[in-house]
1. Cut-off under 18 Å on the C-alpha distance; same-chain residues fewer than 8 positions from K386 excluded. Which aspartates and glutamates are left, in chain and number order?
2. Taking 0.36 nm per intervening residue step and subtracting the Cα-Cα distance, what contour gain separates H536 from A444 on full extension?
3. Under the rule of -39500 (n - 2.57) per DSSP H run of 4 or more residues, summed and divided by the residues of the chain, what mean residue ellipticity at 222 nm is obtained, to the nearest 500 deg cm²/dmol?
4. Under 17 Å Cα-Cα from K467, which lysines qualify once same-chain neighbours fewer than 8 residues away are excluded?
5. Using a Debye calculation, one point per C-alpha and no hydration shell, please list log10 I(q)/I(0) for the chain at q = 0.08, 0.10 Å⁻¹ in order.
6. State to the nearest 20 debye the size of the charge dipole of the chain about its Cα centre, where the only charges are +1 on K and R beta carbons and -1 on D and E beta carbons.
7. Starting from the Cα-Cα distance between V233 and W102, subtract it from 0.36 nm times their residue separation and give me the gain in nm to one decimal.
8. Determine the distance separating the Cα centre of the stretch 218-267 from the Cα centre of the stretch 434-457; give it in Å without decimals.
Amino acid sequence: MSFLLMVFLALVCLFDAYPAPPGLATPGGSAAWTAGAVLLIAAHALFVSRLFTRRLARSPGRRERALARYERGRLVHQIVLFGLFLVALVVLGWGWAVRQFWRLDGHPLPGTEVLTLVPFLAGQILTWVFFYDADRAAHGEGRGHRHEARLACAAVEPASSTQGANAAALSADTWLLTPDAWLPPPRFGSRTGYVLFQVRQKLALVLIPIALLIAAKEVFRLFPSAWEEWGTVINCVGIAVLASVFVCMPLIIRAALGLRPLPAGPLRDRLVATADRLGFRCTDILLWGTRGGMANAMVIGLVPWLRYVVFTDRLIEEFTPEEVEAVLGHEVGHIRHQHMLYYLVFLTLSMMVLGTLADDYLLPVLGRVGAAVAEAWPVLPASLGKQVGPNGDLAVFPMLTVLLCYIFLAFGFLSRRCERQADVFGCRAGSCGEPNCLGHGREAALTPGGRGLCPTGIRTFIRALEKVADVNGISRDRPGFLQSWQHSTIGRRVAFLQSVLVDARIEAAFQRRLRRTKWVLMGGLLLLLTGLLVLHGVRW
Ligand SMILES: [Zn+2]
Ligand SMILES: [Zn+2]
(Lines give C-alpha, C1' and ligand atoms only; values in the text may rest on other atoms or scores of the structure.)
(Ligands and ions follow the chains in the order given, each with its own letter.)
Protein backbone atom coordinates (compact mmCIF):
# COMPACT_ATOMS: atom_id res chain seq x y z
CA MET A 1 0.00 0.00 0.00
CA SER A 2 2.62 2.52 1.04
CA PHE A 3 4.44 2.01 -2.24
CA LEU A 4 1.39 2.94 -4.32
CA LEU A 5 0.68 5.86 -2.02
CA MET A 6 4.22 7.15 -2.54
CA VAL A 7 3.91 7.03 -6.34
CA PHE A 8 0.53 8.75 -6.13
CA LEU A 9 1.65 11.57 -3.82
CA ALA A 10 4.87 12.09 -5.81
CA LEU A 11 2.86 12.63 -9.00
CA VAL A 12 0.46 15.00 -7.22
CA CYS A 13 3.51 17.06 -6.10
CA LEU A 14 5.23 16.97 -9.50
CA PHE A 15 2.15 18.23 -11.33
CA ASP A 16 1.68 22.00 -11.47
CA ALA A 17 -0.97 22.98 -14.02
CA TYR A 18 -4.13 22.23 -12.03
CA PRO A 19 -7.18 23.57 -13.89
CA ALA A 20 -9.52 26.22 -12.47
CA PRO A 21 -12.89 24.82 -11.32
CA PRO A 22 -15.75 25.35 -13.74
CA GLY A 23 -18.38 27.76 -12.38
CA LEU A 24 -17.11 28.42 -8.85
CA ALA A 25 -13.93 30.24 -9.80
CA THR A 26 -12.85 31.75 -6.46
CA PRO A 27 -10.09 30.22 -4.32
CA GLY A 28 -12.32 30.58 -1.23
CA GLY A 29 -15.12 28.65 -2.94
CA SER A 30 -12.70 25.88 -3.91
CA ALA A 31 -11.40 25.67 -0.35
CA ALA A 32 -14.95 25.41 1.04
CA TRP A 33 -15.91 22.62 -1.39
CA THR A 34 -12.63 20.83 -0.59
CA ALA A 35 -13.39 21.00 3.14
CA GLY A 36 -16.76 19.43 2.31
CA ALA A 37 -14.98 16.60 0.46
CA VAL A 38 -12.74 15.96 3.50
CA LEU A 39 -15.83 15.78 5.76
CA LEU A 40 -17.38 13.28 3.34
CA ILE A 41 -14.25 11.10 3.65
CA ALA A 42 -14.50 11.27 7.44
CA ALA A 43 -18.21 10.38 7.33
CA HIS A 44 -17.47 7.32 5.19
CA ALA A 45 -14.74 6.18 7.61
CA LEU A 46 -17.18 6.51 10.50
CA PHE A 47 -19.76 4.48 8.56
CA VAL A 48 -17.31 1.63 7.77
CA SER A 49 -16.06 1.52 11.35
CA ARG A 50 -19.55 1.55 12.93
CA LEU A 51 -20.82 -1.12 10.56
CA PHE A 52 -18.02 -3.49 11.61
CA THR A 53 -18.26 -2.91 15.38
CA ARG A 54 -22.04 -3.44 15.27
CA ARG A 55 -21.73 -6.60 13.20
CA LEU A 56 -19.11 -8.02 15.56
CA ALA A 57 -21.17 -7.15 18.64
CA ARG A 58 -24.29 -8.76 17.12
CA SER A 59 -22.70 -12.07 16.11
CA PRO A 60 -19.23 -12.53 17.65
CA GLY A 61 -19.14 -16.13 16.37
CA ARG A 62 -18.84 -14.94 12.77
CA ARG A 63 -15.72 -12.93 13.36
CA GLU A 64 -13.91 -14.12 10.20
CA ARG A 65 -16.83 -13.08 8.03
CA ALA A 66 -17.17 -9.70 9.72
CA LEU A 67 -13.42 -9.14 9.29
CA ALA A 68 -13.58 -9.95 5.59
CA ARG A 69 -16.42 -7.45 5.16
CA TYR A 70 -14.50 -4.85 7.17
CA GLU A 71 -11.47 -5.32 4.92
CA ARG A 72 -13.69 -4.80 1.88
CA GLY A 73 -15.08 -1.69 3.52
CA ARG A 74 -11.54 -0.43 4.08
CA LEU A 75 -10.68 -1.03 0.43
CA VAL A 76 -13.75 0.93 -0.66
CA HIS A 77 -12.74 3.63 1.80
CA GLN A 78 -9.25 3.88 0.30
CA ILE A 79 -10.85 4.37 -3.11
CA VAL A 80 -13.19 7.02 -1.63
CA LEU A 81 -10.19 8.79 -0.05
CA PHE A 82 -8.08 8.77 -3.22
CA GLY A 83 -11.07 9.54 -5.45
CA LEU A 84 -12.40 12.48 -3.44
CA PHE A 85 -8.88 13.92 -3.09
CA LEU A 86 -8.45 13.78 -6.88
CA VAL A 87 -11.89 15.35 -7.34
CA ALA A 88 -10.94 18.12 -4.88
CA LEU A 89 -7.66 18.72 -6.73
CA VAL A 90 -8.95 18.73 -10.28
CA VAL A 91 -12.72 19.31 -10.28
CA LEU A 92 -13.24 21.45 -7.16
CA GLY A 93 -10.05 23.35 -7.98
CA TRP A 94 -8.01 22.87 -4.77
CA GLY A 95 -4.75 22.50 -6.76
CA TRP A 96 -5.55 25.71 -8.61
CA ALA A 97 -6.73 27.57 -5.48
CA VAL A 98 -3.44 26.88 -3.62
CA ARG A 99 -1.52 28.33 -6.54
CA GLN A 100 -3.82 31.38 -6.54
CA PHE A 101 -3.60 32.46 -2.91
CA TRP A 102 -0.18 31.06 -2.00
CA ARG A 103 1.91 33.35 -4.19
CA LEU A 104 3.85 36.58 -4.06
CA ASP A 105 4.47 38.83 -7.08
CA GLY A 106 3.22 36.11 -9.40
CA HIS A 107 5.60 33.45 -8.01
CA PRO A 108 4.45 30.48 -5.95
CA LEU A 109 5.67 30.56 -2.33
CA PRO A 110 7.61 27.73 -0.68
CA GLY A 111 5.30 25.04 0.67
CA THR A 112 2.91 25.00 -2.30
CA GLU A 113 3.14 21.20 -2.59
CA VAL A 114 2.65 20.69 1.14
CA LEU A 115 -0.57 22.76 0.99
CA THR A 116 -1.68 20.79 -2.07
CA LEU A 117 -1.44 17.57 0.00
CA VAL A 118 -3.33 18.96 3.03
CA PRO A 119 -6.83 17.60 2.08
CA PHE A 120 -5.38 14.11 1.62
CA LEU A 121 -3.49 14.21 4.91
CA ALA A 122 -6.53 15.59 6.74
CA GLY A 123 -8.78 12.89 5.22
CA GLN A 124 -6.27 10.18 6.14
CA ILE A 125 -5.91 11.35 9.74
CA LEU A 126 -9.69 11.62 10.21
CA THR A 127 -9.95 8.11 8.77
CA TRP A 128 -7.68 6.79 11.50
CA VAL A 129 -9.59 8.72 14.17
CA PHE A 130 -12.70 6.71 13.22
CA PHE A 131 -11.06 3.38 12.33
CA TYR A 132 -9.67 3.29 15.87
CA ASP A 133 -12.91 1.78 17.21
CA ALA A 134 -13.10 -0.90 14.53
CA ASP A 135 -9.42 -1.89 14.82
CA ARG A 136 -9.74 -2.10 18.56
CA ALA A 137 -12.72 -4.40 18.18
CA ALA A 138 -10.84 -6.47 15.56
CA HIS A 139 -8.08 -7.18 18.06
CA GLY A 140 -10.69 -8.63 20.39
CA GLU A 141 -11.11 -8.47 24.15
CA GLY A 142 -10.44 -12.17 24.81
CA ARG A 143 -6.83 -11.95 23.70
CA GLY A 144 -5.94 -9.59 26.53
CA HIS A 145 -6.50 -12.30 29.15
CA ARG A 146 -4.25 -14.82 27.49
CA HIS A 147 -1.58 -12.17 27.25
CA GLU A 148 -1.86 -11.22 30.92
CA ALA A 149 -1.73 -14.83 32.08
CA ARG A 150 1.40 -15.55 30.07
CA LEU A 151 3.21 -12.46 31.26
CA ALA A 152 2.33 -13.27 34.89
CA CYS A 153 3.80 -16.72 34.34
CA ALA A 154 6.96 -15.19 32.89
CA ALA A 155 7.25 -12.90 35.90
CA VAL A 156 7.14 -15.77 38.39
CA GLU A 157 9.47 -18.11 36.54
CA PRO A 158 11.34 -16.10 33.96
CA ALA A 159 13.67 -18.95 33.03
CA SER A 160 11.12 -21.77 33.09
CA SER A 161 10.48 -21.62 29.37
CA THR A 162 12.29 -20.03 26.46
CA GLN A 163 9.20 -17.93 25.82
CA GLY A 164 9.33 -16.60 29.38
CA ALA A 165 13.03 -15.85 29.10
CA ASN A 166 12.20 -14.05 25.94
CA ALA A 167 9.74 -11.76 27.64
CA ALA A 168 12.10 -11.24 30.58
CA ALA A 169 14.93 -10.18 28.28
CA LEU A 170 12.66 -7.58 26.82
CA SER A 171 11.13 -6.43 30.06
CA ALA A 172 13.85 -3.94 30.93
CA ASP A 173 13.41 -2.18 27.66
CA THR A 174 9.98 -2.45 26.09
CA TRP A 175 7.89 -2.30 29.21
CA LEU A 176 9.64 0.87 30.31
CA LEU A 177 7.20 2.60 28.03
CA THR A 178 4.39 1.67 30.41
CA PRO A 179 4.15 2.98 34.00
CA ASP A 180 4.49 -0.40 35.72
CA ALA A 181 7.14 -2.73 34.40
CA TRP A 182 5.06 -5.88 34.90
CA LEU A 183 1.66 -4.65 33.88
CA PRO A 184 0.87 -5.72 30.33
CA PRO A 185 1.24 -2.80 27.92
CA PRO A 186 -2.07 -1.19 26.92
CA ARG A 187 -3.56 -3.52 24.35
CA PHE A 188 -4.67 -0.74 22.12
CA GLY A 189 -3.80 2.55 23.80
CA SER A 190 -5.68 5.80 23.41
CA ARG A 191 -7.21 7.17 20.23
CA THR A 192 -4.55 9.90 19.99
CA GLY A 193 -1.80 7.33 20.50
CA TYR A 194 -3.33 5.11 17.81
CA VAL A 195 -3.54 7.99 15.30
CA LEU A 196 0.02 9.15 16.05
CA PHE A 197 1.25 5.60 15.68
CA GLN A 198 -0.53 5.20 12.33
CA VAL A 199 0.97 8.48 11.12
CA ARG A 200 4.43 7.31 12.12
CA GLN A 201 3.97 3.81 10.80
CA LYS A 202 2.06 4.39 7.56
CA LEU A 203 3.03 7.93 6.55
CA ALA A 204 6.60 8.51 7.80
CA LEU A 205 8.14 6.08 5.31
CA VAL A 206 6.07 7.50 2.47
CA LEU A 207 6.67 11.12 3.37
CA ILE A 208 10.50 10.83 3.53
CA PRO A 209 10.94 10.48 -0.27
CA ILE A 210 8.11 12.97 -0.87
CA ALA A 211 9.89 15.51 1.36
CA LEU A 212 13.09 15.00 -0.67
CA LEU A 213 11.16 15.53 -3.89
CA ILE A 214 9.55 18.71 -2.58
CA ALA A 215 12.96 19.96 -1.39
CA ALA A 216 14.40 19.41 -4.89
CA LYS A 217 11.45 21.29 -6.40
CA GLU A 218 11.91 24.17 -3.94
CA VAL A 219 15.61 24.43 -4.87
CA PHE A 220 14.70 24.74 -8.55
CA ARG A 221 12.02 27.29 -7.68
CA LEU A 222 14.58 29.42 -5.79
CA PHE A 223 17.18 29.21 -8.58
CA PRO A 224 15.14 29.03 -11.79
CA SER A 225 18.07 29.65 -14.15
CA ALA A 226 20.43 27.19 -12.46
CA TRP A 227 19.35 24.31 -14.71
CA GLU A 228 20.52 25.96 -17.97
CA GLU A 229 23.86 27.09 -16.54
CA TRP A 230 24.77 24.10 -14.39
CA GLY A 231 22.78 21.27 -16.00
CA THR A 232 25.56 18.64 -15.97
CA VAL A 233 26.76 19.53 -12.47
CA ILE A 234 23.21 19.40 -11.12
CA ASN A 235 22.68 16.01 -12.77
CA CYS A 236 25.84 14.58 -11.21
CA VAL A 237 25.11 16.06 -7.76
CA GLY A 238 21.51 14.84 -8.04
CA ILE A 239 22.58 11.27 -8.79
CA ALA A 240 25.16 11.34 -5.96
CA VAL A 241 22.56 12.68 -3.49
CA LEU A 242 20.01 10.08 -4.59
CA ALA A 243 22.53 7.23 -4.25
CA SER A 244 23.60 8.35 -0.77
CA VAL A 245 19.97 8.73 0.31
CA PHE A 246 19.32 5.16 -0.87
CA VAL A 247 22.32 3.85 1.05
CA CYS A 248 21.52 5.91 4.19
CA MET A 249 17.79 5.02 4.10
CA PRO A 250 18.18 2.55 7.02
CA LEU A 251 19.47 5.39 9.23
CA ILE A 252 16.63 7.68 8.15
CA ILE A 253 14.01 4.97 8.78
CA ARG A 254 15.61 4.11 12.13
CA ALA A 255 15.24 7.72 13.22
CA ALA A 256 11.74 8.20 11.73
CA LEU A 257 10.28 5.09 13.39
CA GLY A 258 12.30 5.43 16.61
CA LEU A 259 13.88 1.96 16.37
CA ARG A 260 16.18 0.70 19.14
CA PRO A 261 18.54 -2.29 19.27
CA LEU A 262 16.93 -5.55 20.42
CA PRO A 263 18.01 -5.88 24.08
CA ALA A 264 20.78 -8.38 24.91
CA GLY A 265 19.50 -11.77 26.00
CA PRO A 266 18.88 -15.33 24.85
CA LEU A 267 16.66 -14.29 21.93
CA ARG A 268 19.17 -11.81 20.56
CA ASP A 269 21.99 -14.36 20.90
CA ARG A 270 19.90 -16.92 19.10
CA LEU A 271 19.02 -14.58 16.22
CA VAL A 272 22.64 -13.48 15.81
CA ALA A 273 23.70 -17.15 15.70
CA THR A 274 20.97 -17.91 13.13
CA ALA A 275 22.07 -15.00 10.93
CA ASP A 276 25.64 -16.32 11.15
CA ARG A 277 24.53 -19.84 10.28
CA LEU A 278 22.62 -18.53 7.26
CA GLY A 279 25.64 -16.49 6.13
CA PHE A 280 23.69 -13.24 6.49
CA ARG A 281 25.35 -9.98 7.44
CA CYS A 282 23.57 -7.03 9.01
CA THR A 283 24.51 -4.03 11.15
CA ASP A 284 22.05 -4.67 13.95
CA ILE A 285 18.79 -6.30 14.95
CA LEU A 286 16.32 -3.57 15.92
CA LEU A 287 13.11 -3.44 17.90
CA TRP A 288 10.15 -1.40 16.70
CA GLY A 289 7.96 -0.24 19.58
CA THR A 290 4.37 -0.29 18.30
CA ARG A 291 2.75 -0.37 21.75
CA GLY A 292 1.71 -3.91 21.00
CA GLY A 293 -0.20 -2.73 17.94
CA MET A 294 1.28 -4.97 15.27
CA ALA A 295 3.33 -8.14 14.72
CA ASN A 296 5.61 -7.57 11.78
CA ALA A 297 9.23 -7.68 10.61
CA MET A 298 11.29 -6.15 7.83
CA VAL A 299 14.80 -5.88 6.50
CA ILE A 300 16.08 -2.46 5.39
CA GLY A 301 19.26 -1.56 3.54
CA LEU A 302 20.69 -2.41 0.14
CA VAL A 303 24.30 -2.81 1.32
CA PRO A 304 25.42 -5.28 4.02
CA TRP A 305 27.39 -2.69 6.00
CA LEU A 306 24.28 -0.57 6.60
CA ARG A 307 21.42 -3.02 6.93
CA TYR A 308 18.96 -3.67 9.76
CA VAL A 309 16.57 -6.48 10.54
CA VAL A 310 13.57 -5.05 12.38
CA PHE A 311 11.01 -6.86 14.57
CA THR A 312 8.02 -5.21 16.20
CA ASP A 313 7.47 -5.56 19.95
CA ARG A 314 4.27 -7.53 19.43
CA LEU A 315 6.03 -10.12 17.28
CA ILE A 316 8.80 -10.66 19.82
CA GLU A 317 6.23 -10.91 22.58
CA GLU A 318 3.78 -13.34 20.95
CA PHE A 319 6.03 -15.57 18.83
CA THR A 320 8.18 -18.41 20.17
CA PRO A 321 11.96 -18.11 19.53
CA GLU A 322 11.63 -20.75 16.77
CA GLU A 323 8.93 -18.69 15.08
CA VAL A 324 10.92 -15.44 15.37
CA GLU A 325 13.82 -17.34 13.81
CA ALA A 326 11.54 -18.43 10.94
CA VAL A 327 10.48 -14.81 10.37
CA LEU A 328 14.16 -13.79 10.34
CA GLY A 329 14.65 -16.53 7.73
CA HIS A 330 11.96 -14.95 5.53
CA GLU A 331 13.72 -11.56 5.68
CA VAL A 332 17.10 -13.17 4.98
CA GLY A 333 15.45 -14.94 2.02
CA HIS A 334 14.65 -11.56 0.44
CA ILE A 335 18.32 -10.60 0.65
CA ARG A 336 19.64 -14.02 -0.34
CA HIS A 337 17.53 -14.04 -3.51
CA GLN A 338 18.43 -10.40 -4.27
CA HIS A 339 14.79 -9.32 -4.39
CA MET A 340 15.39 -5.62 -3.64
CA LEU A 341 17.96 -5.32 -6.40
CA TYR A 342 15.71 -7.15 -8.85
CA TYR A 343 12.74 -4.89 -7.96
CA LEU A 344 14.90 -1.79 -8.44
CA VAL A 345 16.15 -2.83 -11.89
CA PHE A 346 12.73 -4.19 -12.90
CA LEU A 347 10.92 -0.99 -11.94
CA THR A 348 13.54 1.29 -13.53
CA LEU A 349 13.41 -0.62 -16.83
CA SER A 350 9.60 -0.73 -16.66
CA MET A 351 9.40 3.04 -16.17
CA MET A 352 11.68 3.61 -19.17
CA VAL A 353 9.61 1.29 -21.38
CA LEU A 354 6.27 2.65 -20.15
CA GLY A 355 7.44 6.26 -20.48
CA THR A 356 8.60 5.74 -24.08
CA LEU A 357 5.45 3.78 -25.00
CA ALA A 358 3.20 6.45 -23.50
CA ASP A 359 5.08 9.29 -25.22
CA ASP A 360 5.16 7.59 -28.60
CA TYR A 361 1.78 5.89 -28.79
CA LEU A 362 -0.63 6.47 -25.91
CA LEU A 363 -0.53 10.27 -25.62
CA PRO A 364 -0.77 11.03 -29.39
CA VAL A 365 -3.80 8.72 -29.60
CA LEU A 366 -5.35 10.31 -26.50
CA GLY A 367 -4.68 13.76 -27.99
CA ARG A 368 -6.61 12.83 -31.14
CA VAL A 369 -9.46 11.24 -29.14
CA GLY A 370 -9.59 14.31 -26.87
CA ALA A 371 -9.79 16.65 -29.86
CA ALA A 372 -12.60 14.59 -31.43
CA VAL A 373 -14.53 14.46 -28.12
CA ALA A 374 -14.16 18.23 -27.65
CA GLU A 375 -15.47 18.76 -31.15
CA ALA A 376 -18.47 16.52 -30.56
CA TRP A 377 -19.38 18.12 -27.19
CA PRO A 378 -18.82 21.88 -27.33
CA VAL A 379 -19.36 22.12 -23.53
CA LEU A 380 -15.82 20.75 -23.15
CA PRO A 381 -12.88 23.13 -23.63
CA ALA A 382 -11.65 23.20 -27.24
CA SER A 383 -8.08 22.69 -26.03
CA LEU A 384 -8.89 19.27 -24.50
CA GLY A 385 -7.03 17.40 -27.28
CA LYS A 386 -3.88 19.41 -26.66
CA GLN A 387 -4.17 19.04 -22.87
CA VAL A 388 -4.35 15.24 -22.81
CA GLY A 389 -1.89 14.87 -25.73
CA PRO A 390 1.94 14.81 -25.55
CA ASN A 391 3.34 17.53 -23.22
CA GLY A 392 -0.25 18.50 -22.32
CA ASP A 393 -1.17 19.74 -18.86
CA LEU A 394 -3.46 16.79 -18.19
CA ALA A 395 -1.18 14.13 -19.73
CA VAL A 396 -0.09 13.17 -16.21
CA PHE A 397 -3.47 11.55 -15.46
CA PRO A 398 -3.45 8.88 -18.21
CA MET A 399 0.23 8.30 -17.36
CA LEU A 400 -0.68 7.89 -13.69
CA THR A 401 -3.46 5.43 -14.50
CA VAL A 402 -1.18 3.31 -16.69
CA LEU A 403 1.58 3.38 -14.08
CA LEU A 404 -0.70 2.36 -11.19
CA CYS A 405 -2.31 -0.45 -13.22
CA TYR A 406 1.13 -1.71 -14.22
CA ILE A 407 2.41 -1.65 -10.63
CA PHE A 408 -0.71 -3.48 -9.40
CA LEU A 409 -0.54 -6.15 -12.09
CA ALA A 410 3.10 -6.68 -13.05
CA PHE A 411 4.83 -5.74 -9.81
CA GLY A 412 2.13 -7.47 -7.76
CA PHE A 413 2.60 -10.66 -9.82
CA LEU A 414 6.37 -10.57 -9.28
CA SER A 415 6.18 -9.57 -5.62
CA ARG A 416 3.78 -12.37 -4.65
CA ARG A 417 6.17 -14.94 -6.11
CA CYS A 418 9.20 -13.42 -4.41
CA GLU A 419 7.33 -13.45 -1.09
CA ARG A 420 6.69 -17.15 -1.58
CA GLN A 421 10.39 -17.67 -2.29
CA ALA A 422 11.23 -15.81 0.93
CA ASP A 423 8.69 -18.02 2.77
CA VAL A 424 10.54 -21.11 1.57
CA PHE A 425 13.80 -19.66 2.83
CA GLY A 426 12.07 -18.99 6.15
CA CYS A 427 11.32 -22.74 6.31
CA ARG A 428 14.93 -23.56 5.43
CA ALA A 429 16.20 -21.29 8.24
CA GLY A 430 14.75 -23.73 10.79
CA SER A 431 15.41 -26.96 8.90
CA CYS A 432 17.82 -29.82 9.55
CA GLY A 433 19.37 -31.96 6.85
CA GLU A 434 16.93 -34.85 7.38
CA PRO A 435 14.07 -34.63 4.83
CA ASN A 436 11.79 -36.86 6.95
CA CYS A 437 12.61 -35.60 10.45
CA LEU A 438 9.96 -35.84 13.15
CA GLY A 439 10.93 -32.83 15.26
CA HIS A 440 14.01 -31.10 16.58
CA GLY A 441 15.46 -31.79 20.03
CA ARG A 442 17.32 -29.21 22.06
CA GLU A 443 20.56 -29.49 20.13
CA ALA A 444 19.31 -30.36 16.65
CA ALA A 445 21.94 -29.58 14.03
CA LEU A 446 20.29 -27.13 11.64
CA THR A 447 21.94 -26.90 8.25
CA PRO A 448 24.20 -23.93 7.50
CA GLY A 449 23.39 -21.55 4.63
CA GLY A 450 19.72 -22.60 4.59
CA ARG A 451 20.48 -25.64 2.44
CA GLY A 452 18.18 -28.08 4.24
CA LEU A 453 14.38 -28.24 4.04
CA CYS A 454 12.65 -30.49 6.56
CA PRO A 455 9.03 -30.92 7.76
CA THR A 456 9.81 -29.37 11.17
CA GLY A 457 11.20 -26.20 9.54
CA ILE A 458 8.14 -25.94 7.29
CA ARG A 459 5.69 -26.52 10.18
CA THR A 460 7.39 -23.86 12.31
CA PHE A 461 7.11 -21.35 9.48
CA ILE A 462 3.44 -22.20 8.89
CA ARG A 463 2.77 -21.60 12.60
CA ALA A 464 4.50 -18.21 12.34
CA LEU A 465 2.40 -17.26 9.29
CA GLU A 466 -0.86 -18.26 10.97
CA LYS A 467 0.15 -16.20 13.99
CA VAL A 468 0.75 -13.14 11.79
CA ALA A 469 -2.89 -13.30 10.65
CA ASP A 470 -4.22 -14.07 14.12
CA VAL A 471 -2.24 -11.47 16.07
CA ASN A 472 -2.73 -8.67 13.53
CA GLY A 473 -6.45 -9.34 13.14
CA ILE A 474 -6.04 -9.96 9.39
CA SER A 475 -8.53 -12.23 7.68
CA ARG A 476 -6.70 -15.44 6.74
CA ASP A 477 -8.44 -16.13 3.44
CA ARG A 478 -10.16 -12.93 2.40
CA PRO A 479 -8.00 -10.07 3.62
CA GLY A 480 -8.95 -7.63 0.88
CA PHE A 481 -7.06 -6.67 -2.23
CA LEU A 482 -4.92 -3.94 -0.68
CA GLN A 483 -3.62 -6.37 1.95
CA SER A 484 -2.84 -9.13 -0.50
CA TRP A 485 -1.79 -7.71 -3.89
CA GLN A 486 1.85 -7.63 -2.79
CA HIS A 487 2.06 -10.62 -0.42
CA SER A 488 -0.85 -12.92 -1.39
CA THR A 489 -3.17 -14.18 1.38
CA ILE A 490 -1.91 -16.06 4.44
CA GLY A 491 -4.27 -18.90 3.46
CA ARG A 492 -2.65 -19.36 0.05
CA ARG A 493 0.88 -19.04 1.43
CA VAL A 494 0.16 -21.72 4.01
CA ALA A 495 -1.54 -23.96 1.42
CA PHE A 496 1.58 -23.84 -0.77
CA LEU A 497 3.86 -24.80 2.12
CA GLN A 498 1.51 -27.64 3.07
CA SER A 499 1.71 -28.96 -0.48
CA VAL A 500 5.52 -28.91 -0.12
CA LEU A 501 5.14 -30.94 3.08
CA VAL A 502 3.33 -33.60 1.07
CA ASP A 503 5.68 -33.53 -1.92
CA ALA A 504 9.08 -31.82 -1.70
CA ARG A 505 9.42 -31.79 -5.51
CA ILE A 506 6.79 -29.01 -5.65
CA GLU A 507 9.34 -26.66 -4.06
CA ALA A 508 12.06 -27.44 -6.61
CA ALA A 509 9.57 -26.98 -9.47
CA PHE A 510 8.46 -23.64 -7.99
CA GLN A 511 12.06 -22.38 -7.76
CA ARG A 512 12.73 -23.43 -11.39
CA ARG A 513 9.55 -21.74 -12.61
CA LEU A 514 10.30 -18.54 -10.72
CA ARG A 515 13.87 -18.41 -12.04
CA ARG A 516 12.50 -18.76 -15.57
CA THR A 517 9.81 -16.12 -14.95
CA LYS A 518 12.40 -13.63 -13.66
CA TRP A 519 14.64 -14.14 -16.68
CA VAL A 520 11.73 -13.89 -19.13
CA LEU A 521 10.45 -10.68 -17.49
CA MET A 522 13.87 -9.02 -17.45
CA GLY A 523 14.76 -10.24 -20.95
CA GLY A 524 11.39 -9.10 -22.30
CA LEU A 525 11.81 -5.63 -20.80
CA LEU A 526 15.37 -5.30 -22.18
CA LEU A 527 14.20 -6.45 -25.62
CA LEU A 528 11.28 -4.00 -25.60
CA LEU A 529 13.51 -1.16 -24.52
CA THR A 530 16.12 -1.92 -27.19
CA GLY A 531 13.36 -2.14 -29.82
CA LEU A 532 11.87 1.18 -28.74
CA LEU A 533 15.29 2.87 -28.73
CA VAL A 534 16.02 1.55 -32.24
CA LEU A 535 12.63 2.86 -33.43
CA HIS A 536 13.42 6.23 -31.87
CA GLY A 537 16.84 6.22 -33.56
CA VAL A 538 15.24 5.52 -36.94
CA ARG A 539 12.83 8.41 -36.49
CA TRP A 540 15.54 10.83 -35.38
ZN1 LIG B 1 8.56 -10.55 2.65
ZN1 LIG C 1 14.32 -31.27 10.73
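1. Cα-Cα hits under 18 Å: D16, D359, D360, E375.
2. Answer, rounded to one decimal: 27.0 nm.
3. -22500 deg cm²/dmol
4. Leaving aside lysines fewer than 8 places away in the same chain, none come within reach of K467.
5. Relative scattering, expressed as log10 I(q)/I(0), comes to -0.63, -0.97.
6. 1340 debye
7. Using 0.36 nm per residue and subtracting the Cα-Cα distance, I get 44.0 nm.
8. Taking the Cα centre of the stretch 434-457 as reference, the centre of the stretch 218-267 is 42 Å away.
The values are calculated or read from the model by the stated rules, or taken from the named source; none is laboratory data. Owing to the predicted nature of the structure, the values given are computational and were not obtained by experimental measurement. Positions of Cβ are backbone-derived with ideal geometry, glycine not excepted, and every protein chain shown enters the neighbour counts. Only protein heavy atoms, including side chains, enter the accessible area calculation; ligands, DNA and RNA are left aside. Shrake-Rupley method; radii C 1.70, N 1.55, O 1.52, S 1.80 Å.
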